[in-house]
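The values are calculated or read from the model by the stated rules, or taken from the named source; none is laboratory data. Because the structure is a prediction, the values reported are computed rather than measured. So basically every Cβ, Gly included, is an ideal-geometry build from the backbone, and we count neighbours across all protein chains shown.
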Amino acid sequence: MAKRLDYSHVIWDWNGTLFDDVKLCMSVINTLLSTRGLKTLDSIAEYHTVFTFPIIDYYRKVGFDFEKEPFEALAVEFMDLYLSGDSACGLFPGTKSVLSGLQQTGVRQVMLSASKQEVLLKQVSRYDIADYFDELLGISDIHANSKLEIARAFAVRKNLQKAVLIGDSTHDFEVAQALDTDCILIPNGHQSKETLLSCGASVLNDITYVPGFLST
């Protein structure tokens, strides 16, 4: 068995951390912008500069006017387009080997996502990785406001003592702080390396560095 870690739980984000949907998300938001005559995003780098949580703030930053069209309607349109294309996305390289290796250490793995629960379960089921996780925790709607409340409920239910949260956004860092857990951020997802470094969290190049980092 691999070296036992100092953590009882590794809490994984999904979108942009294990599931590579960044290009799809930019394509969908550009479709929404284009059909309304708004300026589209030119590159992933530009996408990184505007993406934020809660998602409603991100929509404001890219130019949507909620006096003309409510956020809720935009969120539904986004999700319809997203779900029509998400099957073409995949896991980041090394995901299965990383999850398998951590499982062998005896650590419990949990997925915590701002995706709607039923969407999360459907996506995860495509990749034969569900057995690596004790729980898959998504939110109850499509608005991606925050996963903090489900994180807190999980921490109380499990009497969480020593955990590390791994994600790709400053929101993941905020959740980790609220739970008083360690945090590792990966700059291959929805925010840039520079943005993630500004948090003060540990930032690794990609998820394949995670097992070695946790074992040191």
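At-a-glance table
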| item | result |
| --- | --- |
| Residue satisfying all of: in region 160-180; outside any helix (DSSP H, G or I) and of a type outside the set (D, E, K, R); surrounded by the most Cβ atoms within 10 Å (Cβ to Cβ) among these | 167 |
| Set 102, 74, 33: member being closer than 30 Å to residue 215 by Cα and touching a helix residue (DSSP H, G or I) at 6+ places or on another chain (Cβ under 8 Å) | 102 |
| Residue count, region 33-72 (criterion: more than 18 Å from residue 194 (Cα to Cα) and among the aliphatic types (A, V, I, L, M)) | 6 |
| Selected residue (only one of 215, 100 is out of contact with any strand residue (DSSP E or B) (no Cβ under 9 Å at 6 or more places or on another chain) and either closer than 13 Å to residue 12 by Cβ or free of Cβ contacts under 8 Å to residues at least 40 places away in the same chain (or both)) | 100 |
| Failed item in (1) in contact with a helix residue (DSSP H, G or I) (Cβ under 6 Å, 6 or more places away or on another chain); (2) assigned to a loop (DSSP other than H, G, I, E, B), with residue 26 passing the rest | (2) |
| Some residue of region 113-121 being under 24 Å from residue 181 (Cβ atoms), under 19 Å from the mean Cα position of the chain (by Cα), part of a helix (DSSP H, G or I) and among the polar types (S, T, N, Q) | yes |
| Considering residues of region 31-58 that are of a type in the set (A, V, I, L, M, F, W, C), at pLDDT 95 or above and outside any helix (DSSP H, G or I) only, the residue nearest to residue 74 (Cα to Cα) | 38 |
